[in-house]
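Presented below is the structure to which this report refers.
The values are calculated or read from the model by the stated rules, or taken from the named source; none is laboratory data. Fair warning: this is a prediction, and the values are worked out from it, not measured in the lab. Here the Cβ is made from the backbone with ideal geometry for all residues, glycine too, and neighbour counts use every protein chain on show.
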Amino acid sequence: MLGKLFKFLFILAVMGFIGLVGFAYIAPKLGIDFAPDTQEIRLPVTLQGQ
């Protein structure tokens, strides 16, 4: 009984991984973009001289 549960959970994890990888490859073709919004950030830095 416990062996069947572990086998089911393993198969479920493998199918989930395959689905996640498949979605990562197919999503850009569907118009879904995973890239974050970029913006430039400038911060002044004061260094102590000699």
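Residue 32 - would you say it is surrounded by 10 or more Cβ atoms within 10 Å (Cβ to Cβ) and either in contact with a Lys or Arg (Cβ under 8 Å, 6 or more places away or on another chain) or not in a helix (DSSP H, G or I) (or both)? Spell out the reasoning first.
Working: surrounded by 10 or more Cβ atoms within 10 Å (Cβ to Cβ): yes; either in contact with a Lys or Arg (Cβ under 8 Å, 6 or more places away or on another chain) or not in a helix (DSSP H, G or I) (or both): yes.
Answer is yes for this residue.
Taking residue 49 and the conditions (1) surrounded by 10 or more Cβ atoms within 10 Å (Cβ to Cβ); (2) among the small types (Gly, Ala, Ser); (3) part of a loop (DSSP other than H, G, I, E, B), which numbered condition does it fall short on, given that it satisfies the others?
(1)
Only one of these conditions is not met by residue 8: (1) modelled with pLDDT of 95 or more; (2) exposed (fewer than 10 other Cβ atoms within 10 Å of the Cβ). Which number is it?
So residue 8 meets the others, but not (2).
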